[in-house]
1. With Cβ to Cβ distances under 10 Å as the rule, what net charge do the other residues near THR22 carry (K, R +1; D, E -1)?
2. Report the dimensions of the stretch 20-86 along its three principal axes from the alpha-carbon atoms, largest first, rounded to Å.
3. Could you run the Karplus curve 6.51 cos²θ - 1.76 cosθ + 1.60 with θ = phi - 60° over the stretch 32-37 and give me ³J(HN,Hα) per residue in whole Hz, x for Gly and Pro?
4. In whole Hz, what ³J(HN,Hα) sequence does the stretch 70-76 give by Karplus (6.51, -1.76, 1.60; θ = phi - 60°), x for Gly and Pro?
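No value in this document is a laboratory result; all are computed from the given coordinates. Everything numeric in this text was worked out from a predicted model, so none of it was measured. When we count neighbours, we look across all protein chains shown, and the Cβ atoms used for this are built from the backbone with ideal geometry, even at glycine.
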Amino acid sequence: MAKAVKTKKTQQTAEKFHISLTNKNYMIIGLGIVLIIVGYIFMSENSVDGFMPTVIAPILLVLGYCVVIPFGILFRDKSAGQNEIAEKPVLNTEQANIKTK
């Protein structure tokens with residue numbers, strides 16, 4: 001049986017992919033959930049030919065599911081990104097593939 005060997009390259013890519021959610025992310029996701037709930041409330045209206053259940057409710061549901069919640073997950077605060085850049089260690093020239101004299 002072949003053994004799986006973890007190299008430095010796979011460990012570095014695993015460390016780069018890190019999703020940290022902040023309070024702003026949770027607020028945006030919460031807004032998406034509120035849109036979805038309001039969409040379902042509008043859809044539960046009993047009129048078949050009404051404007052709210054046939055037009056507004058599907059628009060709110062699509063916005064909630066396909067726009068707001070994914071945006072809330074992927075949103076990265078610019079001030080938090082600057083802190084992460086400052087915390088990253090500087091690569092040693094021996095580790096990087098840079099030839100120096």
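1. Details: positive: LYS24, ARG76; negative: ASP77.
After counting each charged neighbour, the total is +1.
2. Dimensions of the stretch 20-86 along the principal axes of its Cα atoms: 57, 14, 12 Å.
3. x, 5, 5, 4, 5, 5
4. x, 5, x, 6, 8, 5, 10
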